[in-house]
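Heads up, the thing below is written out as structure tokens.
The values are calculated or read from the model by the stated rules, or taken from the named source; none is laboratory data. Keep in mind it's a predicted model, so treat the numbers as computed, not measured. No Cβ is skipped: glycine too gets one built from the backbone with ideal geometry, and neighbour counts run over all protein chains shown. To get the accessible areas, we keep the full protein, side chains included, count just its heavy atoms, and leave off ligands, DNA and RNA. Shrake-Rupley method; radii C 1.70, N 1.55, O 1.52, S 1.80 Å.
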There are 2 protein chains.
Amino acid sequence: MAGDSRHPERAAVEALTDSFVAGLLEWIRIPSIGVDPAHHGDVRRSADWLAGRLREDGWPQVEVWDDGPALPAVFACWPSEDPQAPTVLVYGHHDVQPVDPVERWHHPPFEPVTSGDEVLGRGASDDKGQVAMHLLAVRAHLAATGRTSPSVTLKLFVEGEEESGSPHLRKLLEDHGNALGCDLVVFTDTSLHERDAPTVNTGQRGVLGGEIVFYGGTDDVHSGRAGGAIPNPATALAKLVAALHDDEGRVRLDGFYDDVREPTDREREDYASLPFDERVWLATSGGGAQATSGEPGYSTLERIWVRPTAEVNGLLSGYTGPGLKTIVPASATAKISFRLVPDQRPEKVEDQLRAFVAKHTPDGIRAEVTFRGTGVPPYAISPDHPANATVREAMELAFDRPVRFARAGGSGPAAVLQALLGVPLVYLGATLPDDRVHAPNERVVVPLLLKGAEAAAHLWRMLAGAGIAKRVTDESV
Amino acid sequence: MAGDSRHPERAAVEALTDSFVAGLLEWIRIPSIGVDPAHHGDVRRSADWLAGRLREDGWPQVEVWDDGPALPAVFACWPSEDPQAPTVLVYGHHDVQPVDPVERWHHPPFEPVTSGDEVLGRGASDDKGQVAMHLLAVRAHLAATGRTSPSVTLKLFVEGEEESGSPHLRKLLEDHGNALGCDLVVFTDTSLHERDAPTVNTGQRGVLGGEIVFYGGTDDVHSGRAGGAIPNPATALAKLVAALHDDEGRVRLDGFYDDVREPTDREREDYASLPFDERVWLATSGGGAQATSGEPGYSTLERIWVRPTAEVNGLLSGYTGPGLKTIVPASATAKISFRLVPDQRPEKVEDQLRAFVAKHTPDGIRAEVTFRGTGVPPYAISPDHPANATVREAMELAFDRPVRFARAGGSGPAAVLQALLGVPLVYLGATLPDDRVHAPNERVVVPLLLKGAEAAAHLWRMLAGAGIAKRVTDESV
Ligand SMILES: [Zn+2]
Ligand SMILES: [Zn+2]
């Protein structure tokens, strides 16, 4: 298909593939683990590497934002010669997850290898592979169209703190609001439903997490001395955790579902039409779970994409070593997080949880609730938004097959970007849910990245038509 | 009072006090921590020390039982010259608890000090102090009565594995049944209600402990990928733990209370008549708890002495470090123990717990239940048993005040001794509930040990009257 005259973008991508893979391997070698202060120098090297690559590619304006407190972010801009062209900001991140448990990697995580059609290494998929994909897309777009500048004004914003929860993203957006101004955001940190079922993502769940500690006495007490006569904080906390869901899995915070936006019939039809093998899903995304479960009336995909949830992430109380210690523990801790969907707001759920804890704290127990940050708001854009229609068209051109809309169950800074930049945000990514991101042996499937690059190249061309640009940016989210 | 003609035993105890304290300090210096294999040599040294002391005291038959698998136990016998005299076996232990957290000791745990009327050091109260008290009692008994052998045939059995749960006690009793044959057991590892409220203990709760593990998947899963769509073992386990007690604190295992023997009115009156300051109890035995709680209709003392209980001793699931990890954990563990009262049987409660777990294991979760050993059965003897009447009389003579009956909330091998030796078992101890046994800065109050020694000396004299001996041993427990 390389020479397909309908798709000069495809030929251009193919011609640039070797250089693309070589660059990705080079970048992965820089262990830019943002959550580990010992690697902050590497985050800086990673930003510098990306800036260098952008300059090599011909981007006229390239900056590394490293004036603190945020870890280095990379900004680049390549203006279109057409003053009427819309401005599109591509968002990604260059920090990567830690590599523990390192002994489960088959190759050292920062010595990437190619194996078959995959590249293996930390960050291959999340998110260096997809940022590199967008660099490739711009080169292919120029080569295919014979232009010296892109059809739309392109901006690239690649932060270094996404895996830390983007703690300074708001500040970056506020400090650099002028530079980042745009008509549309394209969010690259997203995946396809399956290798043979490409999808366009239209939203991510939000997240809010915290810790509940129940305090009883000041010391663990021998149960022979007091067992049966003082409150046991582990028992009290178990009762609270048990009350958090009804028997069918619905979350029982007062008002939790009040702001939940139901998916449209069209969205539910799209999700139902996607291939889904429960056995395979349980073995991969389900972490080897023995069965699915959850809110009645919703499919597994709906449960993880469009329904909110509360999960206990950790429990700790008393003695947890080998054998037994017959104590009444002095305290008990539960780490709990919520995945949220539009139009839930993390700050409202925070209040709901505080009220729930107050209601479930028995006499003789003192409760402490702390939240980790302010949470990440959920985000969704209608599949009917004109920008999404264009993205889907570009994807269908590249993938040569029908493309459906989907969602993502995880969380990211999409809502923050959308809210602070005040423009619609769409997704264009080409990784897979089973790329083992955040886990040992992370990989990316190179042919999918090439398809994604081609789709982006199509998108820049298609968005340039003034009519489309106008439709894209005028419509509200 | 030393010269009180009514109490030659008191004068005899007083004359031997210095030698008694010096011996106790020497013995405490041997760190006989039975649960720590690194200290097994010290357990042997401790047994040898005790055997040496017994020989010095004139006991004609002294043996160290060290033929494995049990840690060394000491056996001694001093036959009465009177062939009609009953045989009494005194039970105690010479192994001690570990000393963690060692940094909270004001003096090194095995460099005992005397301070005011206390001796401080690991084992001072539990149980070296009380075994030494009985050695003193025998010397005082002989001195006060002018005899060369005791009024009753005395046997002493001091094991080295009590703090390990007496795992080989049954075997020891079976192997040495002939040597240990007796008409009555006196159990020394027990305490008084308060310094100014001496009591005779009439029972201990049993204990059964184990671990419940709920397994979901094979790996922790990112909650963005599966949260809401697979069972969370931490939530499921919390629901099980929550179901273990009703809202008023009653244990909800089917049949749990079926075999529970209610205390008699007489016992409840005795317990109600004991001084009890809830504020002080919460600060000491209650480990700083903010309030008492428990089964309705029972006092705090009844809740810990005569009512069974279930306690969560530990919880562990998922991520428990600093901050948050938004995972659905692969498994969750609860350590749970039960304190049991007559006539509950550990093996029956084990079955009840297994049935309860089976009932509360939801679809998609696999449960594993393991018990630590076979548990310790509860034990109680009626306060109206003639042996108890004699013990109380001896205690009242020594303490110069009314003595009431009480119970203990902890557990020990009393039921095993009673069952295998087939004779009644009574308690004679003189330590205090706030001696910080199993905790830093363990102490014993020396004047109370002297009173206890005097009481035992009275007891040996009083039991010698053939009528009493007959009454004591004929009555069923
Ligand atoms: Zn990412
Ligand atoms: Zn003890």
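Structure summary
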| item | result |
| --- | --- |
| Rounded to whole Hz, the Karplus (6.51, -1.76, 1.60) HN-Hα couplings of region A:373-389, x for glycine and proline | x, 10, x, 10, x, x, 9, 8, 10, 5, x, 7, 4, x, 4, 5, 4 |
| Distance between modelled label sites at A:Ala419 and B:Ala355, nm, 7 Å Cα→Cβ extension | 5.4 |
| Chain B: angle of helix B:233-243 to the longest principal axis, Cα-based, in degrees nearest 10 | 50 |
| Per-residue HN-Hα couplings for region A:207-221 [Karplus 6.51, -1.76, 1.60; θ = phi - 60°; Hz; x = Gly/Pro] | 8, 9, x, x, 9, 10, 10, 9, 10, x, x, 8, 9, 4, 10 |
| Cross-link reach list, lysines versus A:Lys451, counting only Cα pairs under 18 Å and skipping chain neighbours closer than eight places | A:Lys128 |
| Region A:261-302, dipole about Cα centre (Lys/Arg Cβ +1, Asp/Glu Cβ -1), debye to the nearest 20 | 140 |
| Inter-chain Cβ neighbour average for residues A:242-249, partner chain, 10 Å | 3 |
| Nearest-ten-degree value, helix A:8-28 long axis tilted from longest Cα axis of chain A | 50 |
| Solvent accessible area, Å² - B:Asp117, 1.4 Å probe, full protein context | 60 |
| Other-copy label distances relative to B:Glu26, 7 angstrom Cα-Cβ extension, nm | 8.2 |
| Projected label distance in nm at A:Asp246 and B:Asp277, using a 7 Å step from Cα toward the beta-carbon | 5.1 |
| Region A:332-377: radius of gyration and largest Cα-Cα distance (Dmax), Å | 11.9, 38 |
| From the C-alpha gyration tensor of region B:8-128, square roots of 5λ in Å | 27, 21, 11 |
| Shielding by partners, peptide B:338-344 (average Cβ within 10 angstrom, other chains) | 1 |
| Debye log10 I(q)/I(0) for the protein assembly as shown, one point scatterer per Cα, at q = 0.05, 0.07, 0.08, 0.09 Å⁻¹ | -0.43, -0.69, -0.79, -0.90 |
| Total charge dipole magnitude, region A:296-418, about the Cα centre, Cβ charges on Lys, Arg, Asp, Glu only, Debye to nearest 20 | 360 |
| Gain upon complete extension [B:Arg268, B:Ser149; 0.36 nm per residue less C-alpha separation] | 38.8 nm |
| From the C-alpha gyration tensor of region B:172-234, square roots of 5λ in Å | 53, 22, 8 |
| At R0 = 35 Å, FRET efficiency that the Cβ-Cβ distance of B:Asp254 and B:Thr218 yields, to 0.05 | 0.60 |
| For A:Glu118, residues with placed amide H under 5 Å, excluding near neighbours | A:Val446 |
| Estimated FRET transfer efficiency (B:His106, B:Arg29; beta-carbon r; R0 22 Å; 0.05) | 0.80 |
| Cα gyration tensor of chain A - equivalent ellipsoid semi-axes, whole Å, descending | 43, 24, 22 |
| Dipole moment magnitude, nearest 20 debye, region B:184-325 about Cα centre, only Lys, Arg, Asp, Glu C-beta charged | 560 |
| More than 16 angstrom apart: percent of Cα pairs within region B:260-331 | 65 |
| B:Ala22-B:Glu396 FRET efficiency (beta carbon distance; Förster radius 25 Å; 0.05 resolution) | 0.25 |
| Among beta bridges that DSSP assigns inside the protein assembly as shown, antiparallel share in %, nearest 5 | 70 |
| Whole-percent carbon and sulfur share, accessible surface of chain A, 1.4 Å | 48 |
| Spin-label zone in region A:407-441 - amide nitrogen under 17 Å from a point set 7 Å from the Cα of A:Glu174 along the C-beta vector | A:416-422 |
| Contact order normalised by residue count of chain B, Cα under 8 Å, 6+ apart, percent | 25 |
| Crossing angle, helix A:40-57 versus chain A [Cα axis fit, 0-90 degrees, rounded to tens] | 20 |
| Where N is the number of residues in region A:261-302, Cα Rg divided by 2.2 N^0.38 Å | 1.27 |
| Residue-wise HN-Hα coupling along region A:95-110, computed from phi with Karplus coefficients 6.51, -1.76, 1.60 (Hz; x: Gly, Pro) | 7, 10, 6, x, 10, 4, x, 5, 6, 8, 7, 7, 10, x, x, 10 |
| For A:Ser331, residues with placed amide H under 5 Å, excluding near neighbours | A:Gly216, A:Gly318 |
| Area accessible to solvent at A:Thr145, 1.4 Å probe radius, in Å² | 50 |
| Amide H contacts under 5 Å for B:Val96, placed H, 5+ residues apart | B:Ser32, B:Ile33, B:Gly34 |
